There are 2 protein chains.
Amino acid sequence: MNGAQSVVRTLVNSGVEVCFANPGTSEMHFVAALDSVSGMRPVLCLFEGVVTGAADGYGRIAAKPAVNLLHLGPGLANGLANLHNARRAGTPIVNIVGDHAAYHLQYDAPLTSDIAGFARPVSSWIHESKSAGAVASDTARAVQAACAAPGGIATLIMPADVAWNQAARAAHKLPEIGPAQVAAETVEAIAKRLSNGKKSALLLRGQALLGDALEAAGRVAAKTGVRLLCDTFAPQTELGAGRVPLERIPYFSEQITAFLKDVEQLILVGSKPPVSFFAYPGKPSWGAPEGCLIEYLAQPHENGAQAVKDLAAAVDAPAEPAARTQLVLPELPKGKLNSLGVAQAIAHLTPDHAIYAEEANTSGLPFQMMLPKARPHTHLPLTGGSIGQGLPLAIGAAIAAPDRKVVCPHGDGGAAYTMQALWTMAREKLDVTVVIYANRSYAILNIELQRVGASGAGANALSMLDLHNPEMNWMKIAEGLGVEASRATTAEEFSAQYASAMSQRGPRLIEALI
Amino acid sequence: MNGAQSVVRTLVNSGVEVCFANPGTSEMHFVAALDSVSGMRPVLCLFEGVVTGAADGYGRIAAKPAVNLLHLGPGLANGLANLHNARRAGTPIVNIVGDHAAYHLQYDAPLTSDIAGFARPVSSWIHESKSAGAVASDTARAVQAACAAPGGIATLIMPADVAWNQAARAAHKLPEIGPAQVAAETVEAIAKRLSNGKKSALLLRGQALLGDALEAAGRVAAKTGVRLLCDTFAPQTELGAGRVPLERIPYFSEQITAFLKDVEQLILVGSKPPVSFFAYPGKPSWGAPEGCLIEYLAQPHENGAQAVKDLAAAVDAPAEPAARTQLVLPELPKGKLNSLGVAQAIAHLTPDHAIYAEEANTSGLPFQMMLPKARPHTHLPLTGGSIGQGLPLAIGAAIAAPDRKVVCPHGDGGAAYTMQALWTMAREKLDVTVVIYANRSYAILNIELQRVGASGAGANALSMLDLHNPEMNWMKIAEGLGVEASRATTAEEFSAQYASAMSQRGPRLIEALI
């Protein structure tokens, strides 16, 4: 057994069973070990931004890490933007980066770089493995670190000679580092606050937004009248008919201020105080009103889900939540196609329990209005603001949940970042329907240009926000990457194409000309 | 004048006249300044890996920096792989990265990250600008730092409030930090060495490979019999008929050893000792034979070009070089298309003074045999081993030299990394002919898998090297991104399509099914 085999075996022992990869020479022993060790599914991606975004989607849905296999510093570098998003999502990921054999580093060959330096800004744990004998236990520690609450990116740097040298044995799974429990007196104190008659809100994130914990939050609301909020880009929400309704914090700073203006007590459960996404001249960064009390029921590394359930008990909440979402399906759209019509058709036609890997940005506003009242579903947004995550995220979600429909509504500007993801969807025959909002613009930037007060913009500036010259043809791009595709120019065409996609399995792309 | 305007004006004052960009909200004032300040050409790219690779191509050909405009840490991260290649090329680049307003950083908003941390592994100079009043002089220093020999990446982090606050004035260009001069006694000592009867070689890099310096090296060879070598991936070479011929160091370690086995004295001019690109079990990393004396005529930061000319004088070299390349054009290929036929057609049909932005990898071997004897041209290879540079490099070269034909022979695996570059070629109507070697494989890895001795590879492993499932259709991808494209399945078809591309201006892509 060589080092690479001991790594793959240890990953499988630790419950890691999917490897998103774009390997090179220094990873060839790991690649070979994918055959000599069973239990690991390798998924090839044409670009590392796809690798890391797919691992994020997988980790959010599977609630356990996939492993990335990346080729030295530049391979890692190509994956950093989506690792940034994954870090913001708190997704567990094991990130293995091959390096030159240790004795080769002194020669500063062309691919040599500061791998740990690249990894540091996104990793919660970094280790450079030094021997084939120890790399198995390093791997077990990496899995443990990735899964430590709230979930993080554990980067293991594996020199080629560590991979090819003789190893003793694989390691077993290490005990999980579970989230810290919230003290009973903290729960009691918050319970008392919620009974003091002040206007309160719970801002929930992570596991506290899912399943029983969300039900418990709804029951707390039934008893205390507390508002239930989630972040603009909460990594994962369970929405739709029958679920406890949530209020999503809006995007722009003045909207946040208006949204929170009546809140006197803001209770954080795994979340941070709400702030503006960007700074704007003369506008506040801080979202909560002056004098608003902010307290933590649970920090991100604590067991927020259990704390909400304990809170429900502490306030003596009833058995049923204050409200459940009633199903409201919009009519199918007619006539000219626009982002409203796209949202109507998607909300109308998508079956139960779909997963939305969503990066629709400006075009997604109608979508975000309608979706919470549509059929029950899981929503995965862009968490870290680094565009080009939606398509990779859909790959990972589809692999984690092969029986659920994955829908990927995506702005054209962001989709252009990681269009290579379409190829992996075709290769793995994933049940993903991609909807491209083809407005041929970085539309958000037309808004932002005004909002930041940048005056004097003329032809040069506006050309930097415009994608009309030339117009991308997403049908051809998708077909070129092996995905069946169509274009919709009217609402009726879009509905027919989307209905067709919903009625079959496998990857489809619809370019919505809006 | 705001900070952003003072930056753009300072860049123009300092001779920087092209901006490759993919901006976001925090860069909107810089974008607006592209209209209020004249003299800067903005070039929008759909992905930051295209931005940075284009700046590398521009800098190599223009011998001065372009400026990149990147959006916070993730925007920089997406550009790091091609900045790695540019660092290895010693290309001057000014890299401006927008950041949140300084007062906004404390809130850790989603796009916040350690920008300097991302930048450090690739940058020769980093500065975080702190005030609108000082950012103009920071910018002037960035240009100066980028141009310091041998050329490097100067990263200036510009917070949004530095961009939008009031600035006093722009800065003037700072004095250039020229290369250090090589001492006369060093030149004398090397001249003496070259007359001692031992078998010697000059390994040239950078400016020492170009123009008068290359001529001088040829004259030194005429007098002393010294071999003239260049690195496998010398950032820029001037080759072809009429030029002084160079021997290129081969790629694999055992080839390097054989190539250098008779060399007793290796003289480095702006280069480093030759080493293997990767380490392999049981094979040497070091290229020079045991006992070979290695001396520096010039370090990379020194004036190697002048040193070679001084050396020619010191050895009393004749007026003419030892040899000049004679034009040898292969016949046009016939029948089945393969990488040999592609090389024959390119060598036969490409006009004088073309620039090759080349990332053909395994498919490029016949090309590298024929091209040095073809018409005079400039060759720009992948310098740092991070694939996905060729297409962006071609953009930058075409913008730096609008009157020269740019040819981009590219492997399909690498081209998939930065296919978005095609869109910018169409948008800017660049005179670039892209040739995709469609072998549907990471072909080099099939070789490397054997060479590293990774045994036991089966279906899983081999699937990681294979791009047949699905087959990319590069004609559709190119058309989807706005570039006229065709497919060639026979040698005759390829020659006809390539001849057509050579006879017109503007972007073209030919998918060579080999």
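The values are calculated or read from the model by the stated rules, or taken from the named source; none is laboratory data. Values in this document were obtained by computation on a predicted structure and should not be read as measured data. For neighbour counting, all protein chains shown are included, and Cβ atoms are generated from backbone atoms with ideal geometry for every residue, glycine included. In case anyone asks, the SASA skips ligands and DNA or RNA and just uses the protein heavy atoms, side chains included. Shrake-Rupley method; radii C 1.70, N 1.55, O 1.52, S 1.80 Å.
Pairs of C-alpha atoms in the protein assembly as shown farther apart than 41 Å represent 41 percent of all such pairs. Surface burial for A against B, with a 1.4 Å probe and both sides summed, reaches about 8300 Å² of accessible area. When restricted to Cα atoms, chain B yields an Rg and a Dmax of 23.6, 69 Å, respectively. Our coupling estimate for the stretch A:408-421, obtained by passing each phi through the Karplus curve with A = 6.51, B = -1.76, C = 1.60 and θ = phi - 60°, is 10, x, 9, x, 5, x, x, 5, 5, 5, 9, 4, 4, 4 Hz, Gly and Pro reported as x.
Entry note, chain A: the mean residue ellipticity at 222 nm calculated from DSSP H runs of n ≥ 4, each adding -39500 (n - 2.57), is -11000 deg cm²/dmol after division by the residues and rounding to the nearest 500.
Of the accessible area of the stretch A:212-270, computed with a 1.4 Å probe over protein heavy atoms only, carbon and sulfur atoms account for 49 percent. Across all directions, the average projected area of the convex hull around the alpha carbons of the stretch B:184-314 is 7.7 nm². Over the C-alpha trace of the stretch B:3-164, radius of gyration and Dmax come out as 13.8, 43 angstrom. Going by Cα centres, the stretch B:193-217 and the stretch B:289-341 are how many Å apart? Centre-to-centre (Cα) distance: 8 Å. Of the residues B:TRP423, B:TRP125, ranked by 1.4 Å probe accessible area with the largest first, the sequence reads B:TRP125, B:TRP423. For the rotation that carries chain B onto chain A, the axis lies closest to a Cβ at B:LYS476, 2, where the number is the distance in whole Å. Position A:THR490: other-copy label points at 4.5 nm, ordered by increasing distance, label point 7 Å along Cα→C-beta. Element breakdown for the stretch B:3-164 at a 1.4 angstrom probe: carbon and sulfur atoms account for 48% of the accessible area. By a 1.4 Å probe calculation restricted to protein chains, B:VAL67 has an accessible surface near 0 Å², given to the nearest 10. Summary for A:GLY211: label point 7 Å along Cα→Cβ; distances to the equivalent points in the other copies, ascending, 6.9 nm. Relative to the isolated chain, which residues of the stretch A:431-458 have their accessible area cut by 40 Å² or more in the presence of all protein chains (1.4 Å probe, heavy atoms, no ligands or nucleic acids)? Residues passing the criterion (a loss of at least 40 Å², heavy atoms only) are A:TYR442, A:LEU445, A:VAL452.
Roughly to the nearest percent, how much of the accessible area of the stretch B:370-433 is carbon and sulfur, given a 1.4 Å probe? Answer for the stretch B:370-433: carbon and sulfur cover 52 percent of the accessible area.
Plainly put, the tip 7 Å out from Cα toward Cβ on A:ASP316 is 11.1 nm from that tip on each other copy, the closest given first. Bridging of A:LYS261 to lysines at a Cα separation below 21 Å is possible for A:LYS198, A:LYS199, A:LYS272, A:LYS283, once same-chain residues fewer than 8 apart are set aside. Stokes-Einstein diffusion of the stretch B:339-513 at 10 °C, 1.306 mPa s viscosity, Kirkwood radius from Cα pairs, rounded to a whole number: 97 µm²/s.
Note on A:270-279: average number of Cβ atoms from other chains within 10 Å of each residue's Cβ is 5. In the full protein context, the protein assembly as shown carries 32 Å² of accessible surface per residue, based on a 1.4 Å probe and ignoring ligands, DNA and RNA. Across every pair of non-identical alpha carbons in the stretch B:52-116, the mean reciprocal distance, once inverted, gives a Kirkwood radius of 12.6 Å.
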